[in-house]
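K.L.:
This structure is in structure tokens; I'll ask about it shortly.
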Amino acid sequence: MTDFYTRLTSAGEQKIAAAALSGVPVNFSEMAVGDGGGQSDQPVSDGLANERYRAPLNRLVIADQGANVIRAEMVIMPQVGGFWLREAALYDDKGVCLAVASLPPSYKPLLSQGSGRLQAVNMWIAVSSTADVALITDPSVVLATIEEVNRSETAAKITRIIWSARLSPPPSLPRSVISGKKTTQSAR
């Protein structure tokens, strides 16, 4: 077995199986991290040994459609910390732990300790079908990378250019032709 992994809990297996049968997706909503109670061992079977922080998911994406792998991401802000990250867990919208992960030990400092960082924690989970999962989010929490912002900005500029070209008259036609109104020439 590998040192670091993510696995579904028994509740997670049951909910994913029920989603496959019913067609109603499982609603992933939160992730929590813990320090493992000071140990780098495996997390307990259905939760964390010592939870230190919990937050809404930043995103849930299909990481590999062919392998039915999803990636869940939580972001820990620089103001949160002062603990080790050794374990993580994924929860649904009812607070049920669906998956647990062992993490490589990493210290998350507090700003008041003289160092701070924005920490993204990712869990990669193999499921029977990526159609069986859904993300429940608080839209005020979602963060984007600079690359994602730049890509969206470029797409918005292209869309704006296309729409302005569609709404503007061709430069070679007089406005009277476009509006359909006859213009009269004033006699001098």
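The values are calculated or read from the model by the stated rules, or taken from the named source; none is laboratory data. Predicted model only: the values in this text are computed from it and were never measured. Methodologically, a virtual Cβ is constructed for each residue, glycine included, from the backbone with ideal geometry; neighbour enumeration extends over all protein chains shown.
K.L.:
For residues in the range 4-14 being among the hydroxyl-bearing types (Ser, Thr, Tyr) and in contact with a strand residue (DSSP E or B) (Cβ under 8 Å, 6 or more places away or on another chain), which is farthest from residue 46 (Cα to Cα)?
P.N.:
That would be 5.
K.L.:
Give the residue that is nearest to residue 11 (Cα to Cα), with candidates limited to residues of the range 43-57 that are modelled with pLDDT of 90 or more and not small (Gly, Ala, Ser).
P.N.:
By that ranking, first place goes to 48.
K.L.:
Hey, among the residues in the range 49-78 that are hydrophobic (A, V, I, L, M, F, W, C) and assigned to a loop (DSSP other than H, G, I, E, B), which one's farthest from residue 100 (Cα to Cα)?
P.N.:
Result: 77.
K.L.:
Let me ask another. Do we have residue 107 as part of a strand (DSSP E or B), under 21 Å from residue 15 (Cα atoms) and hydroxyl-bearing (Ser, Thr, Tyr) here?
P.N.:
It is false that residue 107 is part of a strand (DSSP E or B), under 21 Å from residue 15 (Cα atoms) and hydroxyl-bearing (Ser, Thr, Tyr).
K.L.:
Restricting attention to the range 16-65, and to residues there that are within 25 Å of residue 84 (Cβ to Cβ), polar (S, T, N, Q) and free of Cβ contacts under 8 Å to residues at least 60 places away in the same chain, which single residue is surrounded by the most Cβ atoms within 10 Å (Cβ to Cβ)?
P.N.:
For the range 16-65, the residue satisfying everything is 50.
K.L.:
Do we find a residue being within 13 Å of residue 99 (Cα to Cα), in contact with a strand residue (DSSP E or B) (Cβ under 9 Å, 6 or more places away or on another chain) and part of a loop (DSSP other than H, G, I, E, B) anywhere in the range 15-33?
P.N.:
Checking the range 15-33: not a single residue is within 13 Å of residue 99 (Cα to Cα), in contact with a strand residue (DSSP E or B) (Cβ under 9 Å, 6 or more places away or on another chain) and part of a loop (DSSP other than H, G, I, E, B).
K.L.:
Sticking with this structure for a sec: Could you list, in sequence order, the residues of the range 4-14 that are in contact with a Ser or Thr (Cβ under 7 Å, 6 or more places away or on another chain) and either of a type outside the set (S, T, N, Q) or assigned to a strand (DSSP E or B) (or both)?
P.N.:
4, 5
K.L.:
Look through 110, 118 and report the one residue that is surrounded by fewer than 17 Cβ atoms within 10 Å (Cβ to Cβ), out of contact with any His (no Cβ under 7 Å at 6 or more places or on another chain) and closer than 22 Å to residue 38 by Cα.
P.N.:
Going through 110, 118 in turn, the sole match is 110.
K.L.:
I've got another one for you. Going by what's in this entry, would residue 40 be described as modelled with pLDDT under 85, farther than 18 Å from residue 125 by Cα and in a loop (DSSP other than H, G, I, E, B)?
P.N.:
Yes.
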